[in-house]
Amino acid sequence: MPNAPLVCIGNAIVDVIAPAEDVFLSDNGLPKGAMRLIDAEEAESLYAKMGAATEISGGSGANTAAGIAALGGSVSFVGRVADDQLGRIFRHDIRAVGVSYETPASTDGVPTARCLISVTPDAERTMSTFLGTSVDLSEADVDYDAVGAAPITYLEGYLWDSDSARAAMMRARDVARDGGGRVAFTLSDLFCVDRHRQDFQQLAAGGVDILFANEEELKGLYQTNDFQAAIAQQRGRIDIAVVTRSAKGAVVLSGEDTIEIPAADPGKIVDTTGAGDLFAAGFLAGLQRQLGLGDCARLGAVAAAEIISHYGARPEADLKTLAAQTLAAS
């Protein structure tokens, strides 16, 4: 099982990333630093106003899968796109970075999801997301044989809004555990936590095996402004909890053990898109290689640092080399 591909399940989204000034945000009613959902009409209108952009396969779980592949890991992705231009971009792009992707394209007329990301000079990202057909993911889209063989199945919290996707992920959770694999879940976003706090608390209490959260999401999960209080509530409820803290590094909880690792130096911070996704990628790639939790977290930190040093959530440096250097120095 350790050599079988990891499986990541998430929204299949094409990221459209462009630099923007603050005035662009205010002129278009975009709340800086937030992620908001938009309809197809607004997606077309806003896309037309954006400047020169980079278009690349995205979505949180897809970003994590691509990061695992860049680190030399074996990984497949499950996510739903349409049989349209952006769907073909997504399919080609994610396969090109070494991720196995076999989810059939939908033909029901709902277009492929896209996330329009405006990055201001302070590296803050403002996202307007049209979820398209990605949220229609269902059990029919998932290869449960692959899930049953995977050492780890990674589930994206953003998909929890969809009844059919939630059912597909919970079946994946059960199939993975029945096959002897572990299940990882990311809280994804503070707004997701606010919408699904009770469900997410149940997952964080042993409903999955590995939890990923950032500091604000964990505090939101337990409705406290005190980080240490949130850590105390999470401790012992799950096999592994990984909490990222931006420049403060990360904390890993496992039983009564606490591992703290510093953030890796990115040099210059350009765009924070995908930082949490790539941290998860490094951590999971380390688990796939059966490394210790501290080294897994260090791989997560170096992957996150690389991704925020440039636009977009796809690595530009050789992550395998960076990983080797990081492990040699630890």
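Please compute the net charge surrounding Thr153, taking Lys and Arg as +1 and Asp and Glu as -1 over other residues with Cβ under 13 Å from its Cβ.
On the way: positive: Arg171, Arg173, Arg177, Arg182; negative: Asp143, Asp145, Glu156, Asp174, Asp178, Asp209.
Value of the local net charge: -2.
This ranking places Thr224, Thr258, Thr186, Thr133 by how few other beta-carbon atoms lie within 10 Å of each, fewest first, which gives Thr258, Thr224, Thr133, Thr186.
How big is the equivalent ellipsoid of the chain along its three axes, where each semi-axis is √(5λ) from the Cα gyration tensor, reported in whole Å from largest to smallest?
Numbers: eigenvalues 149, 108, 80 Å².
Square roots of five times the eigenvalues give 27, 23, 20 Å.
Taking neighbour Cβ counts within 10 Å as the exposure measure, how do Glu215, Glu256 sort from fewest upward? Before the final figure, lay out each step's value.
On the way: Glu215 17, Glu256 7.
In order of increasing Cβ crowding within 10 Å: Glu256, Glu215.
Available extension along the chain between Glu41 and Asp161 is 41.1 nm, counting 0.36 nm per residue and deducting the alpha carbon span. Per DSSP H run of n ≥ 4, the term is -39500 (n - 2.57); total these for the chain, divide by its residue number, and report the mean residue ellipticity at 222 nm rounded to 500 deg cm²/dmol. Mean residue ellipticity at 222 nm (helix-derived): -11500 deg cm²/dmol.
Dipole check for the chain: with +1 at the C-beta of Lys and Arg, -1 at the C-beta of Asp and Glu, and the Cα centre as origin, the magnitude is about 700 Debye. Fully extending the segment from Glu139 to Ala52 would add 27.6 nm, taking 0.36 nm per residue of separation and subtracting the current Cα-Cα distance. Would you work out the relative contact order for the stretch 6-329, in percent, from Cα pairs under 8 angstrom that are 6 or more residues apart? Over the stretch 6-329, the number comes to 17 percent.
Take the Cα of Leu327, step 7 Å toward its Cβ, do the same at Asp265, and the gap between the two points is 2.4 nm.
Given the convex hull of the Cα atoms of the stretch 243-330, what is a quarter of its surface area in nm²? Before the final figure, lay out each step's value.
Values: hull surface 21.1 nm².
That works out to 5.3 nm².
We did not get these values from a lab; they are worked out from the coordinates using the rules stated. These numbers come from a predicted model, not from an experiment. Heads up, the Cβs are rebuilt from the backbone with ideal geometry, glycines too, and the neighbour counts pull from every protein chain shown.
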